[in-house]
Structure formats: structure tokens, C-alpha cells
1. In segment 50-68, which residue that is in contact (Cβ under 8 Å) with a residue 24 or more places away in the chain and over 26 Å from GLN121 (Cα atoms) is farthest from the chain's Cα centre (by Cα)?
2. Restrict the check to segment 164-174 and report whether at least one residue is modelled with pLDDT under 90, within 29 Å of ALA92 (Cβ to Cβ) and assigned to a loop (DSSP other than H, G, I, E, B).
3. Here is a list of conditions, (1) surrounded by fewer than 19 Cβ atoms within 10 Å (Cβ to Cβ); (2) at pLDDT 90 or above; (3) outside any strand (DSSP E or B); (4) not polar (S, T, N, Q), and VAL144 meets all of them except one; can you say which number that is?
4. Does VAL123 fit the bill of being under 14 Å from GLN155 (Cβ atoms) and crowded, with 24+ Cβ neighbours inside 10 Å?
5. Considering segment 160-195 alone, what residues qualify as being farther than 22 Å from GLY229 by Cβ and surrounded by 15 or more Cβ atoms within 10 Å (Cβ to Cβ)?
6. Given the condition of a type in the set (Phe, Trp, Tyr) and modelled with pLDDT of 80 or more, answer yes or no: does some residue in segment 75-94 qualify?
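The values are calculated or read from the model by the stated rules, or taken from the named source; none is laboratory data. Note that the structure is predicted; figures quoted are calculated from it, not measured. Every residue, glycine as well, gets a Cβ built from its backbone with ideal geometry; the counts of neighbours run over all protein chains shown.
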Amino acid sequence: MKNVSDKANNCERGFTLLEMLIVVAILATVTGGIFLQLNTAQQRINTEQTKVDNFDEARDFVDQFFRDINQIGYPNGRMMNFLSPTLATAQADNRVAVGLVQIDANSIWFEGDVNGSGVVQSVQYKINGAGGTACPLCLQRSSVPKISGNPFTGQSAASWGTEVNDVITNPIFTYFDTTGAAVTALPADISNNATVIASIKTIHISLTIQNNANIDPKTGQPIQTSFQGEVSLNNCSMAKTGFTGISCQ
């Protein structure tokens, strides 16, 4: 009987302290691994969400740019039945859009009825158009009704609104002529480079957004989001050589 009792006691003695510590250590390791994976997954979700937000912001801005640029030079002097549609005539009449006013690597200025309201607008896209240092990397848009007069100095003050933040692309705008060749004579405007302005056929826009405060946990680098687009325009510019006629390229 004694031997049977000893065997029963041996079977019922349970875990030793060492075995319990080993089990706890294993559970802690597994739990820590699970939480680490969950944390990494959450960081990746946040990173992808940042990219999606930046992409949507850039896409909406570029869509606005395309809608505007498709109305460039509308209505022009020919549509208004001018007998001699010259640049001077168009400047002196707020019913007429001269088309492209000025182009540069990071800015563009043009006239057109972009709202479909019958009112010609003077439209600008520019990095930090509002000036100052509060938004040095903002691509901004301004649209104000055209005033009869010089397209540079005779217009109302710009009203900067819609913007894309943290743009690091340079150049943002690339221009191509009717042959497909890149236009490198920048900046150009209707007063000093009329031939260049009248030759523009295609505009390529490229936006790369990077906020140094948003770090990708996987790479340790700031999150970058890129968006590109290209638009071909019917360039009804009144900047044809000699400032006479209309150049619909």
C-alpha cells in the first residue's frame, strides 16, 4: 500500500517553479511578438493612408489644373468677331482671353473662362504664391476676373486658394511645342517671348509630396508620394509673332 501512495503523490505534485518560469517566459515572448507585429502593421497602415491622402490631394489639384487649362484662351478675339484681333486689343477688353501669359518651371499664368460663366479669369499656379515663409513648399492657385489692361500689372491682386502642401518637385511644369520638343527658354511671357508662348502644345505636370515629419517605419525615410499628368491644349494664344492674328497650334 505504501508504494501505491507514493506513486499517487508523485503524479499530483504539479509544476515546479522552474517550469512555471519557462512557461511564463514563452508566453511573454509570443505575446511580445504578436504585439510587435500588430504595431508594425498599424504603422504600415498609417504610412499607406498618408500616401493615399497625399495622392488624392495631388490628383484633385491636377484635375483642377486640367479643367482650367482646357479653357485657356477662351473666348479669343476671333470668336468675338474683332476685325483685327491683336494682343493690344485683347488686353484692352476683359471679354477676351489672351491665352498663356507667362510660363516657368514652377509657375504658369493664363487667361480663360475657366468657370464657364462667361467671365474671363486671370489664373495663376505658383509655388508659394501667397509669399512669406508660412508655406514655402505649397503649390497654390489663384483665379480672379480679368480687368482690361496689361495682363501683368493691370490685373487685380491674386487671390490664392487651393493648394498642395509639401511639394518638392522641381520642375513642376514641363512644356513641349508642336513637334514634341521640350521648351527650355524659360521663363517666357507674351511681352518678351511671344513666339515661345504661341508654340506651346503640351504641358506636363509632376508633383512629388514629402513631409519630413512623416517617416516610413520600414525604410526610416520621409514618406514620398508622386503624381504626374499631361494635357494637350488648343493653344489659341494671341501671342503670335508680331502680336497679330491668333495662333491655335
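1. This residue is THR50.
2. No: segment 164-174 contains no residue that is modelled with pLDDT under 90, within 29 Å of ALA92 (Cβ to Cβ) and assigned to a loop (DSSP other than H, G, I, E, B).
3. (3)
4. So VAL123 fits the description; yes.
5. The answer is ASP189, ILE190, SER191, ASN193, ALA194.
6. No, every residue in segment 75-94 fails to be of a type in the set (Phe, Trp, Tyr) and modelled with pLDDT of 80 or more.
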